[in-house]
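Enquirer: One structure coming up, written as structure tokens, with questions to follow.
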Amino acid sequence: MAELKQGDSIPELRVTPDKYLPHRYAGASGDFNPIHIDPEFAKQVGLPGNILHGLWMMAQVARGNAQLADGDPRALKRLSVQFRGMGFPEQELVVSGTVKEADGDRVVVDTAAAQGDNQVIRNAEAEVQLP
Amino acid sequence: MAVKTDGIGKQWDPATYEVGAEKIREFADAIDAGNPVHRDHEAAKAAGFRDLVAPPMFCVVYSARAMAPAILDPGIGLNLATMLHGSQEFEWNEPVCHGDVISTTATCAEIYERNGMGFYVFQTISTNQEGEQTVKGTWTNIVRGV
């Protein structure tokens, strides 16, 4: 991976959260906002259904970029994201990215996450220390 | 109606969090972090960590305790009913391991209005029991129709 250069794409990460993933993430993170775990409540407040936690989606962007260093938890130095769309359970999430800067074994990646045409995370930037 | 900005600069008392192995495993499972260093003490030590290590995004677990009083502070006046999590940034330093005690301090960095929306920016700094910084977070919440 150390030979990554500006303009290179990073390997895509594809993950499909199952119906109950938001419940497990709620327990793991402590965020029990009902818009994430209660489809009836979500509909009452005008959403199509319960929506994924933005920070779970951010964790997938983190994971997609940490793959450049085999998932080493020391590799990801910085990650900034903008939440721009609602994500839904049972739809595939695709994390992609393009190397914006490469300086030795440090890369800055322009990255994003989408479900089909729905860009849920945009204008994200990851700084990764390569092995 | 303009946003109330007198909360800028306000800092809340630090919140502490004791990091445990099962919580790390549970979080790693929920985000599909597959590296054995998140599940196995020996694998983590063999990879050079002090002990079982948390995925970077575990920072949301220990930072949340410091963010809750900031978001709920009536002096800030965030309207939770129309609040969206607009953007998020983390900068990581020292990894967080089983047995660590993390202390997080939240500060209101900015409040401003743009295009009829209120932007509330909070910063969190988290340090471990040795005083080493583990993460710096920048949390931007957007409130529609201010």
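Enquirer: Suppose a student asked you for the relative contact order of chain A, using Cα pairs under 8 Å spaced at least 6 residues apart; what percent would you report?
Expert: After rounding, I find 31 percent.
Enquirer: Could you tell me how many cubic angstrom of Cα convex hull volume chain B has per residue?
Expert: Measuring per residue, one finds 108 Å³ for the Cα hull of chain B.
Enquirer: Exposure proxy check: A:SER96, B:SER87 ranked by fewest other beta carbons within 10 Å?
Expert: If I rank by nearby Cβ atoms, fewest first, I get A:SER96, B:SER87.
Enquirer: Further question: So between B:GLU113 and B:ILE71, what do we pick up on full extension, going 0.36 nm a residue minus the alpha carbon distance?
Expert: Using 0.36 nm per residue and subtracting the Cα-Cα distance, I get 13.4 nm.
Enquirer: Okay, next question. Could you tell me how many degrees, from 0 to 90 and to the nearest 10, lie between the Cα long axis of helix B:21-30 and the main elongation axis, the longest principal axis, of the Cα atoms of chain B?
Expert: 70
Enquirer: Taking R0 as 22 Å, what FRET efficiency do you get between B:ASP29 and A:ASP18 from their Cβ-Cβ distance, rounded to the nearest 0.05?
Expert: About 0.95, to the nearest 0.05.
Enquirer: If you don't mind, there's one more thing I want to ask. Rank these for me by crowding, A:MET86, B:MET57, going from fewest to most other beta carbons within 10 Å.
Expert: Result, fewest neighbours first: A:MET86, B:MET57.
Enquirer: Still on this structure, I have one more. Using the Karplus equation 6.51 cos²θ - 1.76 cosθ + 1.60 (θ = phi - 60°), what ³J(HN,Hα) coupling, rounded to whole Hz, does each residue of region B:105-120 give in order, writing x for Gly and Pro?
Expert: 10, 9, 10, 7, 8, 8, 9, 8, 10, 8, 6, x, 10, x, 10, 10
Enquirer: Give me the percent relative contact order of chain B, please, defined on Cα pairs under 8 angstrom at least 6 residues apart.
Expert: 30
Enquirer: Continuing with this model, one more query. Rounded to the nearest 500, what is chain A's calculated 222 nm mean residue ellipticity when only DSSP H runs of at least 4 contribute -39500 (n - 2.57) each, over all residues?
Expert: -6500 deg cm²/dmol
Enquirer: Same structure again: Rg/Rh for region A:13-129 to two decimals, with Rh computed the Kirkwood way over all alpha-carbon pairs.
Expert: Taking Rh as the inverse mean 1/r over Cα pairs, Rg/Rh reads 1.01.
Enquirer: Next question, about the same structure. By count of other Cβ within 10 Å, fewest leading, how are B:THR134, B:THR105 ordered?
Expert: Ranked by crowding around the Cβ, least crowded first: B:THR105, B:THR134.
Enquirer: Let me ask something else about it. Could you name the lysines whose alpha carbon sits less than 21 Å from that of B:LYS10, not counting residues in the same chain fewer than 8 places away?
Expert: Correct list for B:LYS10: B:LYS136.
Enquirer: Right, another one. Rounded to the nearest 10 degrees, what's the angle between the helix B:59-72 long axis and the longest principal axis of chain B, both from Cα atoms, 0 to 90?
Expert: Once rounded, one gets 20 degrees.
Enquirer: To the nearest 20 Debye, how big is the dipole of region A:13-129 about its Cα centre, given +1 on the beta carbon of each Lys and Arg and -1 on that of each Asp and Glu?
Expert: 120
Enquirer: Using every Cα-Cα pair within region B:68-126, state what percent have a distance larger than 16 Å.
Expert: Counting pairs separated by more than 16 Å, the tail of P(r) holds 54 percent.
Enquirer: Right, another one. Jot down the per residue volume, in cubic angstrom and as a whole number, of the convex hull over the alpha-carbon atoms of the protein assembly as shown.
Expert: Cα convex hull per residue, to the nearest whole number: 130 Å³.
Enquirer: Work out the FRET efficiency for B:LYS45 and A:GLN129 from their Cβ-Cβ distance, taking R0 = 25 Å, and round it to the nearest 0.05.
Expert: That gives a FRET efficiency of 0.75.
Enquirer: Separate question: In nm, what is the difference between 0.36 nm times the number of residues separating B:GLU130 and B:HIS85 and their Cα-Cα distance?
Expert: 13.1 nm
Enquirer: Another one. Count the net charge of all other residues whose Cβ sits under 14 Å from the Cβ of A:PRO34, scoring Lys and Arg as +1 and Asp and Glu as -1.
Expert: Overall, the nearby charge balance is -2.
Enquirer: Which of the listed residues, A:ALA113, A:HIS23, A:PHE41, is farthest toward the dipole's positive end in chain A, when Lys, Arg count +1 and Asp, Glu count -1 at the beta-carbon?
Expert: The Cα lying farthest towards the positive end belongs to A:PHE41.
Values quoted throughout were computed directly from the atomic coordinates according to the rules given, and no laboratory measurement underlies them. Since we're looking at a predicted model, the values are computed, not measured. When we count neighbours, we look across all protein chains shown, and the Cβ atoms used for this are built from the backbone with ideal geometry, even at glycine.
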